[in-house]
Amino acid sequence: MPQTNEVVNLWLYFDEWSRCISSRYQRDSLYRFGKFDGCSPQYSDLKTAVKAKMMSDEGEARRMESTTYYRKNLGSAKDASPTAGVIWELKDPTGWDVQE
């Protein structure tokens, strides 16, 4: 039985891969780093997510999904942003956390 979207959301990984191969992202990559992005981590994540989605054991599917590039390096972590340190510097404390 395939896993639910709460366990493994294929759309998240498809969106990340399609964002990476888009012309706008590739243009930005060429501008920022001087080369096109091969999008290999995103494609590997998509393949891993499909495998995890088809597993019958929910725990094993969650473990497999937690090993993806997205979960280890991107997600919602500010300091894991691909533009941190290239386009902008991380502030400590952030502007909205400063006490008046």
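The values are calculated or read from the model by the stated rules, or taken from the named source; none is laboratory data. On a predicted model such as this, the values are computed, not experimentally measured, just so you know. For neighbour counting, all protein chains shown are included, and Cβ atoms are generated from backbone atoms with ideal geometry for every residue, glycine included. In case anyone asks, the SASA skips ligands and DNA or RNA and just uses the protein heavy atoms, side chains included. Shrake-Rupley method; radii C 1.70, N 1.55, O 1.52, S 1.80 Å.
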Taking first residues from region 59-70 that are within 15 Å of ASN5 (Cβ to Cβ) and second residues anywhere that are modelled with pLDDT under 90 and assigned to a helix (DSSP H, G or I), the pairs with Cβ under 7 Å that are 6 or more apart or on different chains are GLU65/ARG71
Is it the case that SER56 is open to solvent by less than 40 Å² (accessible area, probe 1.4 Å) and modelled with pLDDT under 95? no
Only one of ARG27, ARG32 is at pLDDT 90 or above and either assigned to a helix (DSSP H, G or I) or not polar (S, T, N, Q) (or both), namely ARG27
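Yes/no matrix, rows are residues, columns are (1) on the phi > 0 side of the Ramachandran plot; (2) surrounded by fewer than 12 Cβ atoms within 10 Å (Cβ to Cβ); (3) of a type outside the set (Lys, Arg):
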| residue | (1), (2), (3) |
| --- | --- |
| PRO2 | no, no, yes |
| VAL7 | no, no, yes |
| ARG27 | no, yes, no |
| SER40 | no, yes, yes |
Mind listing whichever residues of region 21-51 are in contact with a Lys or Arg (Cβ under 8 Å, 6 or more places away or on another chain), among the small types (Gly, Ala, Ser) and closer than 20 Å to TRP11 by Cα? none
Among the residues of region 4-23, is any in contact (Cβ under 8 Å) with a residue 12 or more places away in the chain, out of contact with any Phe, Trp or Tyr (no Cβ under 9 Å at 6 or more places or on another chain) and farther than 22 Å from THR67 by Cα? no
